1. Going by the structure shown, is Glu403 among the acidic types (Asp, Glu), modelled with pLDDT of 95 or more and closer than 20 Å to Thr247 by Cβ?
2. Which of the residues belonging to region 208-241 are charged (D, E, K, R), in a loop (DSSP other than H, G, I, E, B) and out of contact with any Gly (no Cβ under 8 Å at 6 or more places or on another chain)?
3. Just the residues that are modelled with pLDDT under 95 and either hydroxyl-bearing (Ser, Thr, Tyr) or surrounded by fewer than 17 Cβ atoms within 10 Å (Cβ to Cβ) (or both), please, taken from region 366-378.
4. Quick check on region 67-93: of everything there that is in a helix (DSSP H, G or I) and in contact (Cβ under 8 Å) with a residue 60 or more places away in the chain, which residue is surrounded by the fewest Cβ atoms within 10 Å (Cβ to Cβ)?
5. Which of (1) under 18 Å from Cys182 (Cβ atoms); (2) under 18 Å from the mean Cα position of the chain (by Cα) does Leu350 not meet, given it meets every other one?
6. Do any residues in region 115-132 that are closer than 19 Å to Ala203 by Cβ have Cβ atoms under 9 Å from those of residues that are in a loop (DSSP other than H, G, I, E, B) and charged (D, E, K, R), where the two are at least six apart or on different chains, and which pairs are they?
7. Quick one: what pairs do we get from region 333-345, first residue in contact (Cβ under 8 Å) with a residue 12 or more places away in the chain and closer than 13 Å to Thr241 by Cα, second among the aliphatic types (A, V, I, L, M) and assigned to a strand (DSSP E or B), C-beta under 7 Å, 6+ apart or different chains?
8. Take the conditions in the same structural domain as Thr70 (by the TED database), farther than 20 Å from Pro233 by Cα and free of Cβ contacts under 8 Å to residues at least 40 places away in the same chain and apply them to Ser381. Does it pass?
Amino acid sequence: MADAQHDNVLIVHCHDLGRQLGAYGHPDVSSPRLDRLAAEGGILFTRAHATAPQCSPSRGSLFTGRYPQTNGLAGLAHHGWEYRAGVRTLPQILAGFGWCSALFGMQHETSHPQRLGFDEFDVSDSHCDRVVDRAGRWLRSHAESAAAQPFLLTAGFFETHRPYPPDRYRPADPAAVDPPGCLPDTPAVRGDLAAFYGAIAVADAAVGRLLDDLADTGLDNRTWVVFFTDHGPAFPRAKSTLYDAGTGIAMIVRPPTGRTAGPRVYDELFSGVDLVPTLLGLLGLDVPDDVDGLSHAAALLAPGPPRGTPVRDHVFTSKTYHDSFDPIRAIRTKDHSYIENYTSRPLVDLPLDVAQSPSGAAFAPLAVGPRPDRELYDLRSDPTESTNLLSGDPGGTDQIATELALRLNDWRQRIGDVIPSDFAGSRIMMRKLDASR
């Protein structure tokens, strides 16, 4: 890691993608540039999970290394949630080590972007083509500067958030898409997925253009490239849920091209809170004591597959406020996922953008019914989390559920996770919404 302290970081992130890329085994999705990023020296994270299945809380963890419960971003920024005083973001941490920073396009951590700590920012237009234009100009200017500092450049895309207007995103062929098993296979659902895939194709091309700009400047030789999304896609049983489709995220990290590194798959559990400490570790920098996450830098830099004890054997995920007060918590290992639901809600939560979509309308009859207090899934035999092992006689699974419940409780105690009553939580949500209007 000689001279790692002088490496740059380019972060590209998008909305509501989940793992819907060709590199993650979706041949019906056109994502050649991101697939190439993974195939040509990139590290493909196959078990990365957001801390939350909605935008602001997830992004807050990705950019602070702290859970929503400790950084204060428990709900959506445009509903009035903000970081607590004293919480430091990645650009603020890196500034202390001499990095300059810039943000172009999407951020969803605050209604006051000047608070995020970037030296320069332009959030006036988050559509990927405009973001790449601005970020490319910044890269060229930085490359021409004789006394350039190491940098953090963040490019945030509105894509692939709903809606998917066909005049901006040419839909894929509906006949070629492969609807997930939880959705009815209807023309409307296929058309909805095709529109989503059209948005992915546009975002993918924009990522490629930005990577070309980076290479043209020669800065790719000293720049870590990080691509990720915030949470699962805006479809039923994904976004706003703690199932794998809700918290599983695409993440690809490419080392500077000046280093000899082949492509690899990182098949270990990785939490959104781990990104900040991992990046700091890759840069050879100290991790602040108030960061909740764990660094995977040593495992990523070691040659060959990870050996010995993994960095983590579980991840914690949570949701408290989205369009409504809906507190749920979960712990996930490689073998099981365990979920606790703390209020009486429908079986599957459909956030507004999903409920108003063709897929949401098709799925709505399946979302009714009471939600269980607890859920346990065997991920080895049931990777789509379709059969709740606690819905009948738990049999031998009760011991597994008990162990996971205790670990979840210990984590909640450790981070000070206080869940208000349904009455209080619903009114907190209403107060936030009223104040943000």
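1. Values: among the acidic types (Asp, Glu): yes; modelled with pLDDT of 95 or more: yes; closer than 20 Å to Thr247 by Cβ: no.
The answer is no for Glu403.
2. Keep residues of region 208-241 that are charged (D, E, K, R), which gives 209, 212-213, 216, 220, 222, 230, 237, 239.
The next check asks that each one be in a loop (DSSP other than H, G, I, E, B); those that pass are 230, 237, 239.
Hit for region 208-241 is Asp230, nothing else.
3. Leu366, Val368, Gly369, Pro370
4. So in region 67-93, the residues in a helix (DSSP H, G or I) come out as 68-71, 77-79, 90-93.
Filter once more, so that each one left must be in contact (Cβ under 8 Å) with a residue 60 or more places away in the chain: 68-70, 78-79, 90-91, 93.
Working: Pro68: 27, Gln69: 24, Thr70: 21, His78: 13, His79: 17, Leu90: 24, Pro91: 22, Ile93: 23.
Out of the qualifying residues, it is His78.
5. That leaves (2) as the condition not met.
6. Filtered contacts from region 115-132: Ser126/Glu159; His127/Glu159; His127/Arg168; Cys128/Glu159; Val131/Asp125.
7. Going by the 7 Å Cβ cut-off, the qualifying pairs are Ser337/Ala330; Tyr338/Ala330; Tyr338/Ile331; Tyr338/Leu376; Ile339/Ile328; Ile339/Ala330; Glu340/Ile328; Asn341/Ile328.
8. Numbers: in the same structural domain as Thr70 (by the TED database): no; farther than 20 Å from Pro233 by Cα: yes; free of Cβ contacts under 8 Å to residues at least 40 places away in the same chain: yes.
No; evaluated as a whole, the condition is false for this residue.
The values are calculated or read from the model by the stated rules, or taken from the named source; none is laboratory data. Just so it is clear, the structure is predicted and the values come from calculations on it, not from any experiment. Virtual Cβ from ideal backbone geometry, glycine too; neighbours counted across all protein chains shown.
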